[in-house]
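Undergrad: Below is a structure I'd like to ask you about.
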Amino acid sequence: MTQGPWATLALSSLLSLFPGLAQADSGVAAPQDLQALLAQRFTQDRTGVCVVAARVEKTQVQRARLCAQPRREGMEPGFDSRFEIGSISKTMAAVLAADLIRKGRWSLDDPIAKHLPAGTKLPRQGERQILLRDLLTHSSGLPALPPGFAPSQPANPYADLSEAQLLTALGRVELTVPIGSRVEYSNFAMMLLSLALARSHGGDFERALAGGLFEPLQMHSASISRPGRQEAPEARGHLPSGAQTAAWTITPNLAGVGMVRASLDDMVRYAQAQLGLLADVAPELQDSMRLSQQSLTPQFAMSWMRMPVPGRPMLVHEGGTGGFSSLIALEPEAGRAVVLLADTALSDLGGLGDVAQVALGLSDRPLLPRRVQVAAPALLQALVGDYVLGGLPLRIWREGTQLMAQAQGQAAFALDQDSRGDFFPRTFGALLTPVWEAGRVDRAIWRQGGGAMELHRQPRAVP
């Protein structure tokens, strides 16, 4: 299958940072009925996505689910189906870290070297080493992914990455910014944290997560690679085109980066526990979760992103893998949470943040599905030309009413337009957004795999 002109962008991030929530009002509208909200946003959406959702209001839980279109394989996920929750897994790893800190075994100011194998080569700046707090707040200065990361399976990029390869890559890092000075989201850093957690739990991260979180919270179907305590149907991941895609896997001790699978029922229990709403949670675990929520920087608690909505402090994390999208938002002071799980990769289309904002009463703007539409001939013609995408030549042309594109050395592909005004390939997940300036299009934004790059028109050669 065509992977697109810049397929390596698919590895750039598991996360979209819930755009717009930080600018939301404290309460512009009453939260909408969840089922009606899903219907408004997703009915007949071109992706065919299936979404399950829950809103927790103290002792009340409302659930909803909707498929934009009937699933061709006849399997529509339910509340008990297991989804890849992506980077929400990082908040679960943070609970394990907080528990070790609470017990006095770890400190936020421990150098990460203390918890990695002896002799591991790490970057440092004079006496300043990378600390645990730097990993938990994405301010370590480490790149998004290990240097030299070149997966042999683009559809399952982390499958072949070993612990030894991760540590070898760490020794090749040259830091370009002062440690702790700038937030740069890093899956590399979180894989190191996951490995450190494994080493502090007898060398088995998955067992630590099961015993420390899943079993006490009765998240019966949650797991990484081993079966959960309760057998549950598996949701199948999809590209935005509607095509099925491979599940993501990883060496279990690195899985804190984003490889937990869980059902909506599991995630409701997790949200309720984080809010302190479950009477059957041990006080020690509740203390660890509360510690993981405490602010470390203006932007972050332990892996949780802090959203400074006026009068309504919130903790948020989104997740995304090759075929799934997810979001959890907590409002601890109000005892409120929203959980969204989708069986389609939506990062390039804006993720699930718009739905969460309306579900939380932070926005009252109408949400509209993305539906295929016929592009105006003038727009098609305005896009025709030769471009450069990250150094890669790319040509766009018309074949009648159909827009076509081809990157150098790759197969041509058709581009259709949706009702948001963006163009998308039929055969792989990506999005092209034209930028109109002075009545013409000389550049566009190409989004793929959670990353974005500008497409620039090449000047016409002078005869």
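Any read-out appearing in this document is the output of simple, stated calculations on the displayed coordinates, not a laboratory observation. It should be emphasised that the depicted structure is a prediction, and the values quoted were computed from it without experimental measurement. Here the Cβ is made from the backbone with ideal geometry for all residues, glycine too, and neighbour counts use every protein chain on show.
Undergrad: Once all Cα-Cα distances of segment 7-359 are split into 10 Å bins that start at 0, what whole-number percent is in each one?
TA: Whole-percent P(r) values from 0 Å outward: 5, 27, 36, 24, 7, 1.
Undergrad: Something else: Which order do ASP45, ASP418, ASP80 fall in if you start with the one that has the fewest other Cβ atoms within 10 Å?
TA: Least crowded to most crowded, the residues run ASP80, ASP418, ASP45.
Undergrad: Also, quick follow-up: Please compute the length gained on full extension between ASP386 and VAL435, using 0.36 nm multiplied by the number of residues separating them and subtracting their Cα-Cα distance.
TA: Extra length from ASP386 to VAL435 when fully extended: 16.1 nm.
Undergrad: So if R0 is 25 Å, what FRET efficiency would ASP204 and GLN286 give, r being the distance between their Cβ atoms, rounded to the nearest 0.05?
TA: Details: r = 24 Å, r/R0 = 0.96.
So, using R0 = 25 Å, E works out to roughly 0.55.
Undergrad: Of LEU368, MET75, GLN293, which is farthest towards the positive pole of the chain's charge dipole, taken about the Cα centre with +1 and -1 on the beta-carbons of Lys, Arg and Asp, Glu respectively?
TA: Going by the Cα projections, it comes out as LEU368.
Undergrad: Now for a different question. Under a Cβ-only charge scheme (Lys and Arg +1, Asp and Glu -1), can you give me the dipole magnitude of the chain about the Cα centre, in debye to the nearest 20?
TA: So the magnitude is around 440 debye.
Undergrad: Arranged by the count of other C-beta atoms within 10 angstrom, fewest first, what order do ARG65, ARG207 take?
TA: ARG207, ARG65
Undergrad: Of THR137, LEU166, ALA150, which is farthest towards the positive pole of segment 94-168's charge dipole, taken about the Cα centre with +1 and -1 on the beta-carbons of Lys, Arg and Asp, Glu respectively?
TA: Most positive-ward Cα: THR137.
Undergrad: Got a sec? Charge dipole of the chain, +1 on Cβ for Lys and Arg, -1 for Asp and Glu; which of ILE250, LEU175, CYS50 is way out at the positive end?
TA: LEU175
Undergrad: For the chain, what is the relative contact order in percent, using Cα pairs closer than 8 Å and at least 6 residues apart in sequence?
TA: About 24 percent, as a whole number.
Undergrad: Rule-of-thumb check for segment 372-457: C-alpha Rg over 2.2 N^0.38 Å?
TA: The value comes to 0.99.
Undergrad: VAL61 versus GLN402, label points 7 Å from Cα toward the beta carbon: distance in nm?
TA: The two pseudo-label positions are separated by 4.8 nm.
Undergrad: Sticking with the crude label model, points 7 Å out along Cα→Cβ, report the distance from ARG124 to SER295 in nm, one decimal please.
TA: Result for the modelled spin labels: 3.2 nm.
Undergrad: Also: Order of SER107, SER140, SER241 from fewest to most other C-beta atoms within 10 Å? Mind showing how you got there, number by number?
TA: Details: SER107 13, SER140 28, SER241 19.
Sorted ascending by nearby Cβ count, the order is SER107, SER241, SER140.
Undergrad: Report the extension gain between ARG443 and GLN244 in nm, rounded to one decimal, defined as 0.36 nm multiplied by the number of residues separating them, less their alpha carbon distance.
TA: Result: 68.5 nm gained on full extension.
Undergrad: What would the Debye equation give as log₁₀ I(q)/I(0) for segment 187-345 at q = 0.15, 0.19, 0.20 Å⁻¹, counting only Cα atoms as equal point scatterers?
TA: Computed log10 I(q)/I(0) values: -0.89, -1.44, -1.56.
Undergrad: Using a Förster radius of 25 Å, what is the FRET efficiency between GLU76 and LEU367 based on their Cβ-Cβ separation? Nearest 0.05, please.
TA: Result of the calculation: an efficiency of 0.75.
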